[in-house]
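Asks: Supplied in structure tokens, the structure appears directly below.
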Amino acid sequence: MYSAVFQTFKQKPYEQIKLPDATRNYSVVDERKVGFYVNQREKALPQLEKILQKSNDEKEVTETLYIIDRMIDNGVKGVDKMYPALSRFNNSKSPNVQTFLAGIYRKTQVPDAFGPLVCMLIQNSINPPTTPQYFDPNEEIGGAILSYLA
């Protein structure tokens, strides 16, 4: 009896992020997980920063960048101070990472991020992807660059 009651209240584990594929050009995240971090506000930033400092997993990095992007949209302060952890991915070839990173840079306007954005755009132009892409990260990168110039 006790275990049946306990199972009823047991929290369902978070779903893993689903990256864009041939059927959709956007990521699917577990909104409960995103909401958890967004509701923690500034208190969650150190934990997210640790993930960015240690992870090399594209899905985990993309999900973390998505969460940070949503935090900015919800008025969380101090994301610009995370530039050292974010800059680790400035040379990423992942369109998913590039897109969210460019979005974060566009919103935070960290001066040091302008050069890496230009480099991303140039590198993507010189070395176009050889695998099928489901969206163009250069749109977000270009938008971020224009935002800096405005």
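Asks: Do we find a residue being among the polar types (S, T, N, Q), open to solvent by 50 Å² or more (accessible area, probe 1.4 Å) and at pLDDT below 95 anywhere in the stretch 35-45?
Replies: So far as the stretch 35-45 goes, no, none of its residues is among the polar types (S, T, N, Q), open to solvent by 50 Å² or more (accessible area, probe 1.4 Å) and at pLDDT below 95.
Asks: I've got another one for you. Here are some residues: PRO116, PRO137, PRO95, PRO128. Which one is open to solvent by 40 Å² or more (accessible area, probe 1.4 Å) and of a type outside the set (Lys, Arg)?
Replies: Criteria check complete, one pass: PRO128.
Asks: Could you give me the residue pairs with C-beta distances under 8 Å whose first residue belongs to the stretch 76-96 and is closer than 13 Å to ILE51 by Cα, whose second residue is charged (D, E, K, R) and crowded, with 17+ Cβ neighbours inside 10 Å wherever it lies, and which are 6+ apart or on separate chains?
Replies: MET82/GLU49; ALA85/GLU49
Asks: So TYR83 passes all but one of these: (1) open to solvent by 20 Å² or more (accessible area, probe 1.4 Å); (2) assigned to a helix (DSSP H, G or I); (3) at pLDDT below 95. Which condition number does it fail?
Replies: (3)
Asks: Look through the stretch 130-150, keep the residues that are in a loop (DSSP other than H, G, I, E, B) and not hydrophobic (A, V, I, L, M, F, W, C), and return whichever of them is modelled with the highest pLDDT.
Replies: The qualifying residue modelled with the highest pLDDT is ASP136.
The values are calculated or read from the model by the stated rules, or taken from the named source; none is laboratory data. As the structure is a computational prediction, the values presented were derived from the model and not from experiment. Note that each Cβ is placed from the backbone with ideal geometry, even for glycine, and that neighbours are counted across all protein chains shown. Accessible surface is based on the protein model in full, side chains and every heavy atom, while ligands, DNA and RNA are left aside. Shrake-Rupley method; radii C 1.70, N 1.55, O 1.52, S 1.80 Å.
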